[in-house]
Amino acid sequence: MIERLAVIGVGLIGGSLARALRAADAVGEVIGCGRSLENLKLALELGVIDDYVLEPGDAVADADMVFIAVPLGAIAGVFAKIKGRLPARAVVTDGGSVKGSVVSDARRVFGGNVPSWLVPGHPIAGTERSGVGSSFPDLYQNRRVILTPVPETDPGAVARVRAMWEQVGSEVTEMSVEHHDEVLAATSHLPHMLAFGLVDALARMRSNDEIFRYAAGGFRDFTRIASSSPEMWRDICLANAEALSGMLSRFGDEMNELSNTIRSADADALLSIFERARAARERYV
Ligand code: NAD
């Protein structure tokens, strides 16, 4: 049982964890903290949090569990503000979509070592919507959470974070920071680039009104994630630049191959690309 949870960034991810822990009766009190007073007031009204403060240092001062769920570009600033303010029993975890940047921010802010109480994490769950109004208690049910402890991380802290996620119905796995960022570049970050890139390319065409008017279900399904938060995705791209640009260039090669195959009217080659892709999707998705 968590006695006092501090959620820094009470949006979709932070708000949903607070709601889920409440629904599971696994938390005593929830303190919210964020940059937007309006959002924090809404979180209070919705019963997601019991109280709020505006300074991260004040939010964590009496917490036994801290969840940081702000955009990646804001994490270093939060670390700097909680530095020296945590009680000895507190464990801190985060929900950032890239783990290398969180670990290097921690090394920079905390002076070389990642603190033993910090357990970098990433729930593989979400929607294209943002803000506490979009949060819901079942978001993490039957979803995976990846924890990426580093050699300095206290195993006891990992166990407490694991227990928290299991209480809200998630399956917790552990992997290295580097492996996490490569895997997520392929499975999440690349598809988001394709959706943003496709919609942007069409939006910049001259007759885009007509193009969008005739867009059907496939287009809608494929591009749903292009409605995701631009700020969050800017930060993810900057934080995972190397792995993501590598994936984009591999994908560019695939598109060139497809384009050449179409141009040369190679029916057999087209069939085999689509059959290979369909079989892979049916096996894994
Ligand atoms: P969100 O926009 O819904 O919520 C972010 C919250 O952080 C907002 O309430 C915002 O006001 C607050 N915030 C922003 N800057 C702040 C700062 N400097 N100090 C304090 N609060 C600040 O976003 P989200 O979807 O909940 O994403 C939060 C984190 O979770 C991001 O790091 C993202 O990479 C990660 N994540 C998102 C998803 C997803 O699908 N949305 C999935 C997994 C992980």
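The values are calculated or read from the model by the stated rules, or taken from the named source; none is laboratory data. Being a predicted model, the structure only gives us computed values, none of them experimental. For neighbour counting, all protein chains shown are included, and Cβ atoms are generated from backbone atoms with ideal geometry for every residue, glycine included.
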Subset of region 222-247, residues surrounded by fewer than 16 Cβ atoms within 10 Å (Cβ to Cβ) and within 19 Å of Val98 (Cβ to Cβ), comes to Pro230, Glu231, Arg234, Leu238, Ala241, Glu242, Ser245, Gly246
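Can you find a residue in region 76-83 that is within 9 Å of the ligand (Cβ to nearest atom) and buried (at least 19 other Cβ atoms within 10 Å of the Cβ)?
Yes, the conditions are met somewhere in region 76-83.
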Taking region 7-32 and the residues there that are of a type in the set (A, V, I, L, M), more than 16 Å from the chain's Cα centre (by Cα) and in a loop (DSSP other than H, G, I, E, B), the one that is farthest from Ala125 (Cα to Cα) would be Ala26
Per the filter on region 2-39, residues of a type outside the set (A, V, I, L, M, F, W, C), closer than 20 Å to Ala80 by Cβ and modelled with pLDDT of 95 or more are Gly9, Gly14, Gly32, Gly34
Within region 17-39, restricting to residues that are small (Gly, Ala, Ser) and near the ligand (Cβ under 8 Å from one of its atoms), the one that is nearest to Ala157 (Cα to Cα) is Gly34
| message | Yes or no: region 40-50 includes at least one residue that is away from the ligand (no atom under 12 Å from the Cβ), part of a loop (DSSP other than H, G, I, E, B), aliphatic (A, V, I, L, M) and closer than 15 Å to Ile82 by Cβ. | response | no
Of the residues in region 98-131, those that are within 15 Å of the ligand (Cβ to nearest atom), in a loop (DSSP other than H, G, I, E, B) and not small (Gly, Ala, Ser) number 6
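Just to be sure, is Gly32 in the same structural domain as Ile75 (by TED's automatic domain parsing) and surrounded by fewer than 24 Cβ atoms within 10 Å (Cβ to Cβ)?
Taking the combined requirement at face value, the residue does not satisfy it.
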Of the listed residues (Pro71, Pro56), the one being surrounded by fewer than 20 Cβ atoms within 10 Å (Cβ to Cβ), within 21 Å of the chain's Cα centre (by Cα), touching a residue at least 12 places away in the same chain (Cβ under 8 Å) and within 11 Å of the ligand (Cβ to nearest atom) is Pro71
Exercise for review: For Arg263, state whether it is touching a residue at least 40 places away in the same chain (Cβ under 8 Å), farther than 20 Å from Val183 by Cβ and among the basic types (Lys, Arg).
Suggested key: no
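Residue by residue through region 164-178, note down the ones that are of a type outside the set (Gly, Ala, Ser) and either part of a helix (DSSP H, G or I) or closer than 16 Å to Gly96 by Cα (or both).
Met164, Trp165, Glu166, Gln167, Val172, Thr173, Glu174, Met175, Val177, Glu178
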